[in-house]
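Bear in mind that the values in this text are calculations on the coordinates, not laboratory data. Model, not experiment: these values are computed from the prediction. Methodologically, a virtual Cβ is constructed for each residue, glycine included, from the backbone with ideal geometry; neighbour enumeration extends over all protein chains shown.
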Amino acid sequence: MAAGLQTRNVENVAGGPWTARLQAAQIPVAAPWHHRAGSARVSAFERSRDTFRITTDTGVMDLDAIHAYLTRSYWSEGIPKPLVQKAMAGSLCFGLLDGPRQIGFARVVTDRATYAYLCDVYVLEDYQGRGLGTWFMRELMTHPDLQGLRRVGLVTRDAHRLYEKCGFTALANPDGHMEIVRPGLYLGGEEA
């Protein structure tokens, strides 16, 4: 079993026909949110390389820097800082740091059991071209809460090659996917 994971008595969680399947598969389950140290989103996940560090500790992440990037990005242009903070509180967040400086970020919206949506990924322009984006994504995908998921999705306009290095492919059945899109929402656009 992977380090840092616990198994729960799935009889109390799943019941019915899934109980035997989960037990037989010995599915690792992260500790429930209310059992995590101090917060639902704090974990011990850290990786480092040279002066760079990947962490899920939102306490060391720079909300101002994250907001400054996201508000100018094509996918969330104009997003208000309180909304970034709210999104982070409901997600599994990964910070990419150079010493204490926030140089990258990624957010994963997930149930930690079957599905995850990777979003808000960036590495500052000054740090691109050094392999940090690939390292960041590969390490992020090893997080214990992202193992054994049936599907991990993302949307990108221009970083297909980066994500392909980490196993992502184009949709196998694009006609089966639907969405509600509200362009310009944070800029007072059509849906604001």
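Starting from the Cα gyration tensor of segment 41-168, take the square roots of the eigenvalues, sort them a ≥ b ≥ c, and report rounded, prolate or oblate (rounded when a/c is under 1.5, otherwise prolate if a/b is larger than b/c, else oblate).
Verdict is rounded for segment 41-168.
Just to check I understand the Karplus step: with θ = phi - 60° and J = 6.51 cos²θ - 1.76 cosθ + 1.60, what whole-Hz values come out for segment 93-109, glycine and proline as x?
With the stated coefficients, segment 93-109 comes to 9, 10, x, 10, 10, 10, x, x, 7, 6, 10, x, 7, 8, 10, 10, 8 Hz.
Separation between the residue 169 and residue 68 pseudo-spin-labels, each 7 Å from Cα along Cα→Cβ, expressed in nm?
Inter-label distance under the simple model: 4.1 nm.
Could you go through segment 171-179 in sequence order and give the Karplus-derived ³J(HN,Hα) for each residue, using 6.51 cos²θ - 1.76 cosθ + 1.60 with θ = phi - 60°, rounded to whole Hz, and x for Gly and Pro?
4, 5, 9, x, 5, x, 9, 9, 7
Please get the size of the charge dipole for segment 109-180, origin at its Cα centre, with Cβ charges of +1 on Lys and Arg and -1 on Asp and Glu, quoted in debye to the nearest 20.
260 debye
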